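Here is the structure we will look at, set down as structure tokens.
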Amino acid sequence: MKDKTPTKPDDHDPFQASQEADWQNFRDHLTTTDKLGHRQWVYAKKPHGKWTQRRTWLSWLLIGIMFAGPFIKINGNPLLMMNIIERRFSILGQLFWPQDMVILAVAMLIFITGIIIFTTAFGRLWCGWTCPQTVMMEMVFRKLEYLIEGDSVEQRKLAAAPWTAGKLARKSFKLGIFFVLSFIIGNTLLAYIIGLDALIPIITDDPRQHVTGLVFMILFTLLFFAIFARFREQACTYICPYGRFQSAMLDENTMVVAYDHKRGEKRGRLQRDESLVRRIAGGHGDCIDCHQCVAVCPTGIDIRDGVQMECVHCTACIDACDTVMDKVGSPRGLIRYASLNSIEKGEAFCFTPRMKLYAVVLTGLIALFLTLVFTRSAVEAMFLRAPGSMFMQTTDGKIENLYLLKLVNKTMRDLPVELKLEDSDGQLEVMGEKNLLVPAGKLIETSVLIQLKPAALDGATKKLKVGVYSNGRRMQTVKTVFVGPRKSESEHEKENEHHDR
Ligand code: SF4
Ligand code: SF4
């Protein structure tokens, strides 16, 4: 989207003249740092209004889902689990294994394409409404801060006040609560990674038995505490990659939180007893330069400077400005969800060819994903030659090869599995197990011995096919190689003579 450069401030107004330097170079530095790069703490004013109310309702719903998630199981599997350590994943109760990497890669592509379409159409709606960072920061931590330290003015005063017992108590109380919440969030994240069943023993057992788990628990707690107590909006500005590349996805038709510069400029303070008619006659727009939109912004920016990387689309400035418009008797929506084209040309929101193309790609990816999920085998087998083994010869002259078999049961029920040699005469024996049973959602490993007559080998090796059956149904056919001794020419000739006869 093009930069929206606001109309130059009124040089006769001393307040606006003082803002001129910022007006000219707002894109050259972050609003949350001074010219030397030192952090400028944002004391965002508490927002009120219909958008804040809607976001609050949605946030409570999302927070509920987020904390309840680890406890919800579908068919005995977690609703969502991303066990990177054991490479086991559960999405909506469906278990995925490393063998399903293609499915997970397609799922990832769907996620990325979905975000691209969404961002192209609706800007950073994700950031403001559903991102866990924004939801927890604005709806939990900042609200607690308002309760303990008061609104922005009181917070500013408290920060500037000397360290007394009262200030120390308030700050400690706030940070104590933040730490407890960070511990809960850290544990919730851990539950999404390793699953609740693995987390509970870490909490309840002797700590010495789960040192790694405890280390991660402490690390996650400290990480979240640092983010919500200190780092805050900088996580969105400096760390989050989505915030950095979103500007590449926006265009003139993207719906963003935007200031209607055509209606607002030329901005100027509303003089006491000045009528709106007189303001308009004086060349002023609807913006009374009250800075309420800046005061509520959790990232400390001025939306009137145009679309900026720091804007997380939290809608606080919409509510603040609507409240001001109500007070001065102007229509609401000076700051609103709008595209650049709708502000400049009055065009309604439309799906552009770019969005339609992305939608086609997304539909194709979803179709591919569903096909892969619904056609994947219930049992996945990996049949590998046992490491370091060649072949063995029995006393009756047969050749034996040893294999390593890994079986993954992707279903929620125990499955009996049978192996058969396909297209070859020989014997296949699963070592140690007469009846092979793979427990639901588990991976088992065992050894398999295959025995062939030397005559069955074409040269020193033979390609084999092994059928994997469950309840009489072939689930998969795996291919492997059988190795035998290198044959001498005379042995070949003897065998050929034998075959000719
Ligand atoms: S809140 Fe509205 S009127 Fe006040 S400065 Fe911001 S845009 Fe202008
Ligand atoms: S500019 Fe408005 S929407 Fe963007 S972060 Fe600030 S308050 Fe939220």
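Here are the numbers:
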{"item": "Residues that are in a helix (DSSP H, G or I) and modelled with pLDDT under 85, drawn from region 372-400", "result": "VAL373, PHE374, THR375"}
{"item": "Selection status of GLN234, within 11 Å of ligand 1 (Cβ to nearest atom), among the polar types (S, T, N, Q) and under 28 Å from ASP34 (Cβ atoms)", "result": "no"}
{"item": "Scan of region 76-135 for residues that are of a type in the set (Gly, Ala, Ser) and either more than 13 Å from the chain's Cα centre (by Cα) or modelled with pLDDT under 85 (or both), ordered by number", "result": "GLY76, SER90, GLY93, ALA105, ALA121, GLY123, GLY128"}
{"item": "Residues located in region 431-445, provided they are surrounded by 17 or more Cβ atoms within 10 Å (Cβ to Cβ) and at pLDDT 80 or above", "result": "LEU436, VAL438, LEU443"}
{"item": "Any hit, region 315-332, residues being within 9 Å of ligand 2 (Cβ to nearest atom) and within 26 Å of the chain's Cα centre (by Cα)", "result": "yes"}
{"item": "Lone qualifier among CYS317, CYS311 - being closer than 30 Å to ILE117 by Cβ, near ligand 1 (Cβ under 10 Å from one of its atoms) and in the same structural domain as ASP34 (by TED's automatic domain parsing)", "result": "CYS317"}
{"item": "Unmet requirement for LEU340, which otherwise passes all of (1) under 19 Å from LYS50 (Cβ atoms); (2) crowded, with 17+ Cβ neighbours inside 10 Å", "result": "(1)"}
{"item": "Strands (runs of 3 or more DSSP E) contained entirely in region 64-113, each with at least 1 residues that are among the aliphatic types (A, V, I, L, M) and over 21 Å from MET136 (Cβ atoms)", "result": "88-91, 94-96"}
{"item": "Subset of region 393-433 [on the phi > 0 side of the Ramachandran plot and within 45 Å of the chain's Cα centre (by Cα)]", "result": "GLY432"}
{"item": "Identity of the residue in region 36-63, within 16 Å of ligand 1 (Cβ to nearest atom) and outside any helix (DSSP H, G or I), that ends up farthest from GLY186 (Cα to Cα)", "result": "GLY49"}
{"item": "Members of region 283-303 that are near ligand 2 (Cβ under 9 Å from one of its atoms) and of a type outside the set (A, V, I, L, M)", "result": "CYS293, CYS297, PRO298, THR299, GLY300, ASP302"}
{"item": "Residue check for GLY283: on the phi > 0 side of the Ramachandran plot and touching a Ser or Thr at 6+ places or on another chain (Cβ under 9 Å)", "result": "no"}
{"item": "Qualifying positions in region 144-186 - within 22 Å of PHE220 (Cβ to Cβ) and either at pLDDT below 95 or assigned by TED's automatic domain parsing to the domain that holds PRO298 (or both)", "result": "LEU144, GLU145"}
{"item": "Filter result for ALA281 (more than 24 Å from ILE116 (Cα to Cα), away from ligand 1 (no atom under 16 Å from the Cβ) and among the aliphatic types (A, V, I, L, M))", "result": "yes"}
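Quick grid of which residues meet (1) within 16 Å of ligand 1 (Cβ to nearest atom); (2) assigned to a helix (DSSP H, G or I); (3) at positive phi:
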| residue | (1), (2), (3) |
| --- | --- |
| ILE203 | no, yes, no |
| LEU219 | no, yes, no |
| LEU223 | no, yes, no |
| GLN246 | no, yes, no |
| ARG269 | yes, no, no |
| THR299 | yes, no, no |
| ARG304 | yes, yes, no |
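The values are calculated or read from the model by the stated rules, or taken from the named source; none is laboratory data. Treat the numbers as computed from the prediction; the structure is a model and nothing was measured. In this analysis, Cβ positions are derived from the backbone assuming ideal geometry, glycine residues included, and neighbour counts consider all displayed protein chains.
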